[in-house]
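Here's the structure, in C-alpha cells; my notes come after.
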There are 2 protein chains.
Amino acid sequence: MAVRGRPRGFDAEAALDRAVEVFWRQGYEGASLTDLTEAMGINRTSMYAAFGNKEELFHRAVARYAEADMAYAREALTAPTAYEVVESFLRANADALTRADRPSGCLSVQGALAEGGDSGRIARFLADSRLAGERALAHRLARAVEDGDLPAETDPHALARYVMVVSEGNAVHAAAGATRAALHATVDIALRAIPRIPAHAAA
Amino acid sequence: MAVRGRPRGFDAEAALDRAVEVFWRQGYEGASLTDLTEAMGINRTSMYAAFGNKEELFHRAVARYAEADMAYAREALTAPTAYEVVESFLRANADALTRADRPSGCLSVQGALAEGGDSGRIARFLADSRLAGERALAHRLARAVEDGDLPAETDPHALARYVMVVSEGNAVHAAAGATRAALHATVDIALRAIPRIPAHAAA
DNA sequence: CCTTTTCTGTACTGTTCGGTACTTAAGTCG
DNA sequence: CGACTTAAGTACCGAACAGTACAGAAAAGG
C-alpha cells in the first residue's frame with residue numbers, strides 16, 4: 001500500500017453519489033461546478049484532481065447511476081418468461097422514477113436531450129447507453145421467441161423498443177410530476193400490447 | 001393605421017419560425033441569444049424590442065410550434081372512433097418527429113427536462129402544455145366511452161396518459177436518431193393496447 | 001423643412017461558466 | 001528532523017451568458 005502524499009479528505013464514492021443527484025435533478029448543462037462541488041462537500045480543485053473534469057465526472061456519475069439505480073433492469077432480464085421480464089422491468093421502472101428519496105424521472109432521459117454546445121456529445125452518450133439497455137432486452141426477447149415463449153412472428157427488437165419507449169415516456173411524465181400510481185396505470189395498459197402464448201406450451 | 005416611427009425591417013413571424021427551429025434543436029438553455037438572433041437574421045436589440053426577452057420569445061415560439069407543428073394533434077381528435085383518434089395521433093406524431101425538414105423529436109419534450117436555474121419554470125411550462133394536450137385527448141376518449149365506442153370500464157384519463165407516454169417515448173427515441181419506420185413499428189405494438197368494441201355496436 | 005417616433009447597430013454592463021496557477025496543509029520516507 | 005509527495009483552498013483566468021445604453025437611421029406628422 002503506502003500512499004505517499006497527503007491523504008484524500010473525502011470519500012470519492014460518497015461524493016460521486018451526491019454528484020449523481022445533482023446531475024439527475026439538473027441535467028448535465030444545468031449542473032454547474034459550483035452546484036456540484038457544494039453538494040459533494042468538496043473543493044473545486046479536489047473535484048478536478050479526483051475526477052478529471054465535468055464531463056468525466058458525468059460519465060462516472062452515469063456509470064454509478066446505471067450500477068446502483070438501474071440494477072432492477074438487469075434483474076428483470078432474469079425473469080422466467082418474456083412477459084414477466086417486461087412487467088418486472090416496467091413495474092420496477094415506475095417505482096424507480098418516483099422514489100421519494102431520489103429525484104423524479106431518469107438521469108439518462110433528463111440528463112440531456114437538446115444538442116446545443118457540448119450537449120451534443122452528452123446527448124449521444126446517453127442515447128447510446130439507453131440503446132445498450134434496449135439491445136440487452138431485445139436479446140432476452142429473441143431468446144424468448146426461440147424458446148416459444150413469444151409468438152414466432154414476434155420481432156424482438158421492435159418489442160424491446162416499444163418497452164423502452166414506454167419506460168422513457170413514463171420518465172418524461174415522472175419528471176413532470178406524475179404520481180407512482182399514474183405510472184403503474186400506464187404500465188397496466190402498456191402490458192396489454194405484450195403478446196402471450198395461449199398457455200399450452202408451458203411445461 | 002398610420003404607424004408612426006421607422007418601420008420594422010424584418011418579418012416577425014418568419015423570424016419566430018427560425019427561433020422555433022433553434023429552440024427545438026438546442027432546448028431553452030442551450031439556445032443562446034447569439035444563436036437565436038443569428039438564425040433569425042436580426043439584431044439583438046431588435047429581438048428585445050419585438051419579443052421582450054428570451055423567455056417571452058420562447059413562449060411565443062412554443063405557441064407557434066403548437067399551432068403549426070402540432071396541428072395534427074387537434075386534427076386527430078376529430079376522427080370518428082377512439083381507436084382512429086389514437087392511431088391518427090400516433091401515426092402523425094411519428095411522422096412529425098422524423099420530418100426531414102425539421103429537427104428530430106419534439107420541442108415540448110426536448111425543450112427542457114432538467115430543473116436547474118430558470119429551467120424549472122420552463123420545464124413546468126412545457127409540462128403544463130403537454131398536460132393540456134393529454135386532457136384534451138382524455139376528454140375525447142371520455143366521450144367515446146359515453147358513446148359506447150370504448151368499453152364502459154375504460155378509464156379515459158389513464159388511456160390518454162398511455163397514449164401521451166408512447167408519443168413522448170417516441171419523441172425521446174426520435175431525438176436519439178430513431179428512424180420513422182422504427183417509430184411506426186412501435187406504434188403498431190402500442191395500438192394493440194387500445195381497447196376495441198367487438199364490432200357489433202357499429203351502425 | 002424639422003420634430004417626433006420607432007427601429008437598427010455597436011459596444012458595453014455585470015454575472016456566471018468551466019478550468020487552473022499557486023500557496024498552504026497533511027501525510028510518508030529517509 | 002527535513003525532503004518529498006499529494007491534497008485542499010484561494011484567487012484568479014478568458015470566454016460566454018442575458019440584457020442594455022446610446023448613437024444613428026428611417027419613416028410619419030406637422
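The values are calculated or read from the model by the stated rules, or taken from the named source; none is laboratory data. None of these values were measured; they are calculated from a predicted model. Note that we place each Cβ from the backbone using ideal geometry, even for glycine, and neighbour counts take in every protein chain shown. Please note that ligands, DNA and RNA were not included when accessible areas were found on the heavy atoms of the full protein model with its side chains. Shrake-Rupley method; radii C 1.70, N 1.55, O 1.52, S 1.80 Å.
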If B:V62 satisfies every condition in (1) outside any helix (DSSP H, G or I); (2) open to solvent by less than 40 Å² (accessible area, probe 1.4 Å); (3) out of contact with any helix residue (DSSP H, G or I) (no Cβ under 6 Å at 6 or more places or on another chain) but one, which is the exception?
-> (1)
Could you tell me whether A:G133 is within 16 Å of A:S108 (Cα to Cα) and more than 11 Å from every other protein chain (Cβ to nearest Cβ)?
-> yes
Of all residues in segment B:30-46, which are within 25 Å of B:A171 (Cα to Cα) and either more than 7 Å from DNA strand D (Cβ to nearest atom) or out of contact with any helix residue (DSSP H, G or I) (no Cβ under 8 Å at 6 or more places or on another chain) (or both)?
-> B:G30, B:S32, B:L36, B:A39
Filter pass, A:L36 being more than 14 Å from chain B (Cβ to nearest Cβ) and either outside any helix (DSSP H, G or I) or not basic (K, R) (or both) | no
Here is a list of conditions, (1) buried (at least 18 other Cβ atoms within 10 Å of the Cβ); (2) more than 10 Å from chain A (Cβ to nearest Cβ); (3) within 30 Å of A:L36 (Cβ to Cβ), and B:R121 meets all of them except one; can you say which number that is?
-> (1)
Can you name every residue in segment B:150-194 that is closer than 18 Å to B:A112 by Cα and either in a helix (DSSP H, G or I) or open to solvent by less than 20 Å² (accessible area, probe 1.4 Å) (or both)?
-> B:M164, B:V165, B:S167, B:E168, B:G169, B:N170, B:A171, B:V172, B:H173, B:A174, B:A175
Can you work out which of the residues in segment A:137-149 that are in a helix (DSSP H, G or I) and over 17 Å from the mean Cα position of the chain (by Cα) is farthest from A:S88 (Cα to Cα)?
-> A:E146
Residue list for segment B:90-108, filter: over 27 Å from B:A142 (Cβ atoms) and crowded, with 24+ Cβ neighbours inside 10 Å | B:G105, B:L107
Which condition number in (1) without any contact (Cβ under 8 Å) to a residue 12 or more places away in the chain; (2) within 13 Å of another protein chain (Cβ to nearest Cβ); (3) more than 14 Å from A:V86 (Cβ to Cβ) is the one that A:Q110 fails?
-> (1)
Taking segment B:5-35 and keeping residues within 16 Å of B:S46 (Cα to Cα) and more than 10 Å from DNA strand C (Cβ to nearest atom) leaves B:E13, B:A14, B:L16, B:D17, B:R18, B:A19, B:S32, B:D35
Please find, among A:E87, A:E38, A:E29, the residue that is at pLDDT below 95 and either open to solvent by 30 Å² or more (accessible area, probe 1.4 Å) or hydroxyl-bearing (S, T, Y) (or both).
-> A:E29
Taking interchain pairs and intrachain pairs at least six residues apart, which have beta carbon atoms under 7 angstrom, with the first residue in segment B:1-28 and of a type in the set (S, T, Y) and the second within 11 Å of DNA strand D (Cβ to nearest atom)?
-> B:Y28/B:F58
Selection from segment B:68-105 of residues β-branched (V, I, T) and more than 16 Å from B:A190 (Cα to Cα) yields B:T78, B:T81, B:T98
Determine whether segment B:178-186 contains at least one residue that is more than 12 Å from chain A (Cβ to nearest Cβ), farther than 26 Å from A:S104 by Cβ, without any contact (Cβ under 8 Å) to a residue 40 or more places away in the chain and of a type in the set (A, V, I, L, M, F, W, C).
-> no
Number of the exception - A:T78 against (1) within 14 Å of chain B (Cβ to nearest Cβ); (2) polar (S, T, N, Q); (3) part of a loop (DSSP other than H, G, I, E, B) | (1)
Go over the candidates A:V172, A:V145 one by one and state the one that is out of contact with any strand residue (DSSP E or B) (no Cβ under 6 Å at 6 or more places or on another chain), facing chain B (nearest Cβ under 10 Å) and aliphatic (A, V, I, L, M).
-> A:V172
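Here is a yes/no grid of residues against (1) more than 14 Å from DNA strand D (Cβ to nearest atom); (2) basic (K, R); (3) in a helix (DSSP H, G or I); (4) open to solvent by 50 Å² or more (accessible area, probe 1.4 Å):
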site: A:G5; (1), (2), (3), (4): no, no, no, yes
site: A:V20; (1), (2), (3), (4): yes, no, yes, no
site: A:R25; (1), (2), (3), (4): yes, yes, yes, yes
site: A:Y48; (1), (2), (3), (4): no, no, yes, yes
site: A:E56; (1), (2), (3), (4): yes, no, yes, yes
